[in-house]
Structures are given as C-alpha cells and as structure tokens.
1. Looking at 61, 43, which is the one that is at pLDDT 90 or above, on the phi < 0 side of the Ramachandran plot, out of contact with any helix residue (DSSP H, G or I) (no Cβ under 8 Å at 6 or more places or on another chain) and surrounded by 15 or more Cβ atoms within 10 Å (Cβ to Cβ)?
2. Could you tell me whether residue 76 is modelled with pLDDT under 80 and either surrounded by 13 or more Cβ atoms within 10 Å (Cβ to Cβ) or closer than 16 Å to residue 123 by Cβ (or both)?
3. Which of the following residues is modelled with pLDDT under 80, in contact with a helix residue (DSSP H, G or I) (Cβ under 9 Å, 6 or more places away or on another chain) and more than 16 Å from residue 119 (Cβ to Cβ): 71, 36?
4. Identify, by number, the condition in (1) at pLDDT below 80; (2) within 21 Å of residue 113 (Cα to Cα); (3) part of a helix (DSSP H, G or I) that residue 7 doesn't meet.
5. Which of the residues that make up region 85-99 are out of contact with any helix residue (DSSP H, G or I) (no Cβ under 8 Å at 6 or more places or on another chain) and crowded, with 16+ Cβ neighbours inside 10 Å?
6. Run down 84, 16 and say which single residue is modelled with pLDDT under 90 and over 22 Å from residue 110 (Cβ atoms).
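The values are calculated or read from the model by the stated rules, or taken from the named source; none is laboratory data. Model, not experiment: these values are computed from the prediction. As a convention, Cβ positions derive from the backbone with ideal geometry for all residues, glycine included, and neighbour counts pool all protein chains shown.
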C-alpha cells in the first residue's frame, strides 16, 4: 500500500500598527503540495476588523490554492496577474523580502475550511504582540 504524503499548508501571520494607525496584517502562505509561497497583506482600521479579515483571508487562500498557483505561478507570463487575483479578496502581494521571525502560525490540510478554534491562539498571540510591540509565537 503506498504511503500518503502528509501535505499541510502553513500560514505565518504578523500584525503591526503603521504610522497612520492602521493595522497591517501580513500572511505568508506556504503551500506544500506544490512547494510555493504566497506572501500577502491587508490593512484594517481596528484589531477586531483585522481578525475578521484574517479569518476571511485564510479561508480564501485555503479554497483558492489551486487557482492561485495555476494562474499565478504555472501559467502566467504576467507577474501582476497574481496581484489581480488576490485583490479579489481585498489583499495585496507583499513584496517585502524580510518576514518577522516571530509570528503566529496556523497549519492546515489543503483545501479544508479553517476552524475557528484554530484561530483563537492566533488571535491571542497577535493581540499580545500589539500590546508588547512585538509578535509572539502562537500554537497551531
């Protein structure tokens, strides 16, 4: 009997308050089945709104993994095409090279819904990072 590979998507999340007082949430999605990474970010006016948008973002990335990879990595000759796809969900490609080492992480099986129970530790970790001025590690 063949051994089934345990492919899991990992999402690293960080949050910071920018100079305008907006919450900047960065997500680095690492899709292991195809071996590619998609860094995105979004801005929100409140912490609660940023957490709601984070949940929507993770759902979008989980559900659209194949489409994003197919058009953004495999088939597109236009590097801006990926940016157009993520803009549908209110996201922007994150072109910054460095990602903070400390982040809140979520690990999921591909194409599965993101259970709210997994986001509770992420929310606590990100809230703590705003209070202390740095991002702390949250459980999966």
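1. Working: 61 fails: out of contact with any helix residue (DSSP H, G or I) (no Cβ under 8 Å at 6 or more places or on another chain).
Just a single option satisfies the conditions, and that option is 43.
2. On the way: modelled with pLDDT under 80: yes; either surrounded by 13 or more Cβ atoms within 10 Å (Cβ to Cβ) or closer than 16 Å to residue 123 by Cβ (or both): yes.
Considered against the rule, which asks whether it is modelled with pLDDT under 80 and either surrounded by 13 or more Cβ atoms within 10 Å (Cβ to Cβ) or closer than 16 Å to residue 123 by Cβ (or both), residue 76 comes out as yes.
3. Of 71, 36, the one residue that is modelled with pLDDT under 80, in contact with a helix residue (DSSP H, G or I) (Cβ under 9 Å, 6 or more places away or on another chain) and more than 16 Å from residue 119 (Cβ to Cβ) is 71.
4. Answer for residue 7: the failing condition is (3).
5. Once the filter is applied, which keeps residues that are out of contact with any helix residue (DSSP H, G or I) (no Cβ under 8 Å at 6 or more places or on another chain) and crowded, with 16+ Cβ neighbours inside 10 Å, region 85-99 yields only 94.
6. Numbers: 16 fails: modelled with pLDDT under 90.
Checking each option against the conditions leaves just 84.
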